[in-house]
Every structure is written in C-alpha cells, then in structure tokens.
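*Asks:* Once you've had a glance at the structure underneath, I'll fire off some questions.
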Amino acid sequence: NLSNLSITGGYNVIGSDTYYDSSEISVDNMKDGGAAGGIFVSNAIPELKNIIISNNKASYGAGLLLFTSDALLDNIIIKNNEGIAYDYLDENNVSHIVNAEAGGVQLYDSTPVFSDVVISDNSAEYGGGMALLNSSIALGSNILIANNSATVEGGGLIYTVFLMQEGE
C-alpha cells in the first residue's frame with residue numbers, strides 16, 4: 001500500500017498487478033512530449049484509489065494512459081490536463097506531426113472499471129475528456145465527464161479504432 005504520496009517526476013506501471021490506495025496521492029504539473037503526462041499503465045491490472053491527476057501535458061493520455069490494461073479506478077479526479085501536439089524529424093529528415101489525443105484519459109485496448117470518477121476541464125485536439133481506442137470499453141458507475149474540450153473532435157469523448165497521424 002502507498003499512502004500520503006506526492007508524485008512529482010511522473011509515474012509508470014509496467015507488467016504486474018499493482019494496488020494503490022491513498023487519500024492524498026497527487027500527480028500534478030507533469031510535462032511530456034509523448035505519452036502519459038500523469039500516469040502510464042501498460043500490460044497491468046492495477047487498482048487505483050483516491051487519486052487526483054491534474055495539470056499534466058502530453059501528446060496522448062495527458063492525465064492517464066492505459067495501454068492493454070484493465071485497471072480498477074475508484075474515487076479518481078482527472079482535471080485540467082492538456083493534450084499537446086508536437087512535430088519531429090525522422091531519420092530521413094522528414095517532418096511528422098503527432099496529434100494531441102486525450103487530454104484526460106486515453107484507453108488503448110483496455111477495459112477499465114470506473115467508480116466515482118470525475119473527468120473535467122481537460123483539452124486536446126481529439127477526445128478532450130477521454131479517447132477510447134482499439135476496442136477499448138469503459139465500464140462502471142458514477143462517472144462524470146464534463147467541461148472538456150477538443151479543437152477537432154470529441155470534446156467529451158471520442159471512440160475510434162485508431163487516429164491517423166498526419167503523413168500516414
């Protein structure tokens with residue numbers, strides 16, 4: 001069990017069942033040009049409780065990114081996170097633009113269970129509040145998705161098989 005924890009350098013859970021329960025876990029003000037500014041979970045089944053994820057920036061899943069993970073999320077607030085687009089040059093000096101997907105939560109091939117979750121005041125190009133990709137399904141009760149915005153599609157939520165990156 002983790003309690004009274006402040007995460008200031010980012011967080012990543014990979015490859016095992018994990019349990020988190022705290023009244024004061026806070027993930028705040030992380031910045032990343034890639035995936036998951038706040039919390040990234042890959043190939044795991046964690047239980048996350050009593051967490052606030054806020055003021056993070058990333059290109060996808062700025063607040064929370066679940067990649068092939070079926071997490072249990074209880075009493076979670078995901079707010080004021082921002083999906084940011086960026087461009088890069090590949091090895092052939094060709095420019096590519098990465099879209100801003102999922103300001104709040106991005107699910108990729110995941111089926112989490114939400115209970116008492118608020119996803120609010122997040123923004124991105126696609127899926128300001130939440131993006132469900134590649135057959136993801138969000139299950140649960142008492143889920144509020146409010147006051148999120150998207151500049152292209154899905155202010156509250158977008159559901160798609162995949163989002164095309166420019167140049168693909």
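The values are calculated or read from the model by the stated rules, or taken from the named source; none is laboratory data. Computed from a predicted model, the values in this text were never measured in an experiment. Every residue, glycine as well, gets a Cβ built from its backbone with ideal geometry; the counts of neighbours run over all protein chains shown. Side chains included, ligands, DNA and RNA excluded: accessible areas come from the protein's heavy atoms. Shrake-Rupley method; radii C 1.70, N 1.55, O 1.52, S 1.80 Å.
*Asks:* Out of the residues in the range 66-84 that are part of a strand (DSSP E or B) and of a type in the set (D, E), state the one that is surrounded by the fewest Cβ atoms within 10 Å (Cβ to Cβ).
*Replies:* Applying the filter and picking the extreme gives D74.
*Asks:* Within the range 56-84, work out how many residues are over 12 Å from the mean Cα position of the chain (by Cα) and at pLDDT below 85.
*Replies:* Looking only at that region, the number is 1.
*Asks:* Among the residues of the range 37-65 satisfying the criterion of being in a loop (DSSP other than H, G, I, E, B) and open to solvent by 10 Å² or more (accessible area, probe 1.4 Å), which is nearest to E82 (Cα to Cα)?
*Replies:* Among residues in the range 37-65 that are in a loop (DSSP other than H, G, I, E, B) and open to solvent by 10 Å² or more (accessible area, probe 1.4 Å), the one nearest to E82 (Cα to Cα) is N55.
*Asks:* Restricted to the range 88-128, and to residues that are farther than 14 Å from Y159 by Cα and of a type in the set (V, I, T), which residue is nearest to the chain's Cα centre (by Cα)?
*Replies:* Only one residue tops the list, namely I119.
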